[in-house]
Structure formats: C-alpha cells, structure tokens
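Please read the structure below before turning to the comments.
The values are calculated or read from the model by the stated rules, or taken from the named source; none is laboratory data. The model shown is predicted, which means the values in this text are computed figures rather than measured ones. Virtual Cβ from ideal backbone geometry, glycine too; neighbours counted across all protein chains shown. Please note that ligands, DNA and RNA were not included when accessible areas were found on the heavy atoms of the full protein model with its side chains. Shrake-Rupley method; radii C 1.70, N 1.55, O 1.52, S 1.80 Å.
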Amino acid sequence: MFCRAAEALIYDVRRGRTPLLENSLKQPSPRLSRRTFSLAAASAVLSACALPGGNRQPEPVKPSDSTAANTSPPVPSSAPPAIKPPRPLRVGLALGGGAARGFAHIGVIKALEARNIQVDLICGTSAGSVVGALYASGMNGFALNRLALKMDEASISDWAMPFRTRGFLQGVALQNYLNTTLDNRPIEKMAKPLGIVATDLNTGQPILFQRGNTGIAVRASCSVPSLFEPVKIGAHEYVDGGLVSPVPASFARRMGADFVIAVDISARPETALTASSFDVLMQTFTIMGQTIKAYELDKYADVVIRPNLAAMSGSDFGQRNAAILAGEEAVARIMPELQRKLAASRVAA
C-alpha cells in the first residue's frame, strides 16, 4: 500500500501536482526545487519497497550443492566403455621321448596342419625336443618330413673314446646337426615359443630351457644315461628329460598353454621289444616313467595322441616312414574328440 502511494506521488510530481509537499516545505533548499525534491523522496520510498519487508515476491530457494548433486540428472558418457576382446586360446604341443620312434611326431604335426589346428607353443623331451626345435623354427610338417628322409643316422652319432666311461656317445654331433640346420638360432629367437626339458643329474630336478643354445639344450634333453655322456652347462650336468617328464604336458602348461595336445610315443611295457641292450635300457625308462607319465597326462593334457608303434623299437631308424604314417593315423582317429574339446575350451575362455 505504501509503495502504491509512492508511485502515485511520483506521478503527481511529474504532472506538477504536489500539494502535500508544497505545504510541508516551509524553507525549500535553494539548490533543489520542490518538484525535484518530491521526485527524489518518492524514489527513495520505492527503493525501500525492494528491501526485505516490502511487497517483492520471494526469490526461489536455490538448492544446496549436496541437493543439486543428488537431484541433477546423470550426464551420459561421451563414448561407451571399450569392450576388451577375449584372449585367443593358446594351444600347446607337448612332444614326448622315444628315440627313433620320435619320427611319429612329424606325422602328428602334418596331420594337425592339414586340419588347420594352430599350435602356438611347443615343448619337447628327448626325441620330442629334436622335432620340437625344428618345428618351432618355422618348418612345416612337409619340410620336417623331407628333412627326416634325408637324415643320416651317422651324422648324429659320435662314439666316445674307449677310456671315457660315462657314455658311449658324446652327443656333440647331434648338437652340431641341430645348430647347423637352424643357422645357430637360439631358443628365444624361434618363430614359436619353445621349451626343452632335461634333468639335473646332481639334484634330480627337471629344468626347462627357454633361452640359450638350442643344440646344447636338445643334446642335454636327449642324453640317455650310460648311452650318452652327461652335458655340462655352467656348474650343472644334465641328462635325458624323460627321467622326470616323459611327455612334458605340465611344462607346456607352465609356458602359457590354455589347451595342451600331448603326444605319447613311448612303448607299453608289455608290448615293448627287448632284443638289444638299447631296447632293454629303453624298457627300463618306460617302466620307471609309467607313474610319472600317467599323472602328468591326466592332470595337464587335454588330449593325448598315441601313435601305434608296437612293432617299432627305439633304435630302428629304418622305419621312419612307418612312424610318420602312424602319427598321421593317430591324429585321424582322435580328431573328433580333439575338435570337440577345442570348441568347448574356446567357449569357456
């Protein structure tokens, strides 16, 4: 109400009608006319209306920071979160020992490649380390087959001097053959990750070589006690890896394999040939390794391929073609199971 009266007063001042003020101003200021003074007074009254207690409308209450934080709508992200693609299944190939029977590994590799089974890493023991090193270098199954047919048994045999009684063979010829064929490529420079298993003669513990001279590591893995001299590397001596890991499925798993294909070329004790002293030695190895092998394969191998080599001894290099064919046939027999388990593992991954 007071504010409306002030507005009316300003209107009268502007119209020249200010009777109340004219009567009340008995001594007007020489510097300010009645009209100007009335206008100023009315403006001051209107200003007071804007202060608390006037007729102004209350301002809306602003929410506090905490209230704003709770009630403000979520701001959508500018980009959706990136979906990490699943890691591909890593397939490991574990190649077991068995001397000349190791030619069967080549047939297995040929058959796996023919069926587009991709192998990502290789681990080998004894004869398996020979084939594994060549395969890891980048050779395919057909190249391995050609190399096997040209291999001369004498080129990998070097008889020790009669007075050296720790073994009949030194193993240096095998070491040189591998290094020459591989252009002296070390283990860590292979096209596929490679692991070579040997046994520490002093402690009896297994050793997995993943770096260093390929020929020396393979020689150590193949050094059957009494037949080959132990291999000295640094301060340790090493012998055949088959003593501690006849088929190195556990070491393939340790290298990072999600799915392990194991190849067992050892003979069954009841069917093995024992015609020569070498056969007797290999039979001894087979008997000793049965429990170790069964445990390792049951726990770490997803699929076990067993070529039919009953008619072949570990010293018979003349049957290399038959051994290669036996490896191919073994893969053909187990292929439905292998494909089913691989598919299930990829889904689970």
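Going residue by residue through region 291-307, is there one that turns out to be at pLDDT below 95, within 20 Å of GLY242 (Cβ to Cβ), out of contact with any strand residue (DSSP E or B) (no Cβ under 6 Å at 6 or more places or on another chain) and in a loop (DSSP other than H, G, I, E, B)?
No, region 291-307 has no match at all.
Name the one entry in ARG320, ARG333 that is under 30 Å from ALA275 (Cβ atoms), in a helix (DSSP H, G or I), basic (Lys, Arg) and open to solvent by less than 70 Å² (accessible area, probe 1.4 Å).
ARG320
Any residue that is modelled with pLDDT of 95 or more and closer than 19 Å to GLN118 by Cα - is there at least one of those in region 314-323?
No, there is no match, as no residue in region 314-323 is modelled with pLDDT of 95 or more and closer than 19 Å to GLN118 by Cα.
From VAL108, VAL131, VAL119, which residue is open to solvent by less than 20 Å² (accessible area, probe 1.4 Å), in contact with a strand residue (DSSP E or B) (Cβ under 9 Å, 6 or more places away or on another chain) and assigned to a loop (DSSP other than H, G, I, E, B)? Can you show your working first?
Working: VAL108 fails: assigned to a loop (DSSP other than H, G, I, E, B); VAL131 fails: assigned to a loop (DSSP other than H, G, I, E, B).
From the options VAL108, VAL131, VAL119, the qualifying one is VAL119.
Given PHE278, PHE317, which one is touching a residue at least 12 places away in the same chain (Cβ under 8 Å) and in contact with a Ser or Thr (Cβ under 6 Å, 6 or more places away or on another chain)? Talk me through it step by step, then tell me what you get.
Working: PHE317 fails: in contact with a Ser or Thr (Cβ under 6 Å, 6 or more places away or on another chain).
Checking each option against the conditions leaves just PHE278.
Tell me yes or no: at least one residue of region 155-172 is open to solvent by less than 50 Å² (accessible area, probe 1.4 Å), touching a Lys or Arg at 6+ places or on another chain (Cβ under 9 Å) and closer than 30 Å to VAL91 by Cβ.
So far as region 155-172 goes, no, none of its residues is open to solvent by less than 50 Å² (accessible area, probe 1.4 Å), touching a Lys or Arg at 6+ places or on another chain (Cβ under 9 Å) and closer than 30 Å to VAL91 by Cβ.
Within region 273-288, is there a residue that is over 20 Å from ILE117 (Cα atoms), assigned to a helix (DSSP H, G or I) and touching a helix residue (DSSP H, G or I) at 6+ places or on another chain (Cβ under 7 Å)? Walk me through it before giving the result.
Filtering region 273-288 for residues over 20 Å from ILE117 (Cα atoms) gives 273-288.
Filter once more, so that each one left must be assigned to a helix (DSSP H, G or I): 277-288.
Among the residues that remain, those that are also touching a helix residue (DSSP H, G or I) at 6+ places or on another chain (Cβ under 7 Å) are: 282, 285.
So far as region 273-288 goes, yes, one or more of its residues are over 20 Å from ILE117 (Cα atoms), assigned to a helix (DSSP H, G or I) and touching a helix residue (DSSP H, G or I) at 6+ places or on another chain (Cβ under 7 Å).
Could you please find all residues in region 135-147 being part of a helix (DSSP H, G or I), in contact (Cβ under 8 Å) with a residue 12 or more places away in the chain and either open to solvent by less than 10 Å² (accessible area, probe 1.4 Å) or among the small types (Gly, Ala, Ser) (or both)? Can you show your working first?
Here is the first cut: in region 135-147, the residues part of a helix (DSSP H, G or I) are 135-136, 141-147.
Pick out the ones that are also in contact (Cβ under 8 Å) with a residue 12 or more places away in the chain and you get 135-136, 141-142, 144-145, 147.
Result: ALA136, GLY141, LEU144.
In region 175-189, how many residues are open to solvent by 20 Å² or more (accessible area, probe 1.4 Å) and either under 15 Å from SER221 (Cβ atoms) or of a type in the set (D, E, K, R) (or both)? Steps first, please.
Our first condition is that a residue be open to solvent by 20 Å² or more (accessible area, probe 1.4 Å); within region 175-189, this holds for 175-177, 180-181, 183-186, 188-189.
Pick out the ones that are also either under 15 Å from SER221 (Cβ atoms) or of a type in the set (D, E, K, R) (or both) and you get 175, 177, 183, 185, 188-189.
Selection size over region 175-189: 6.
Of the numbered conditions (1) of a type in the set (S, T, N, Q); (2) under 25 Å from the mean Cα position of the chain (by Cα); (3) on the phi < 0 side of the Ramachandran plot, ASN116 fails exactly one; give the number of that condition.
Only one criterion in (1) of a type in the set (S, T, N, Q); (2) under 25 Å from the mean Cα position of the chain (by Cα); (3) on the phi < 0 side of the Ramachandran plot is unmet by ASN116, namely (3).
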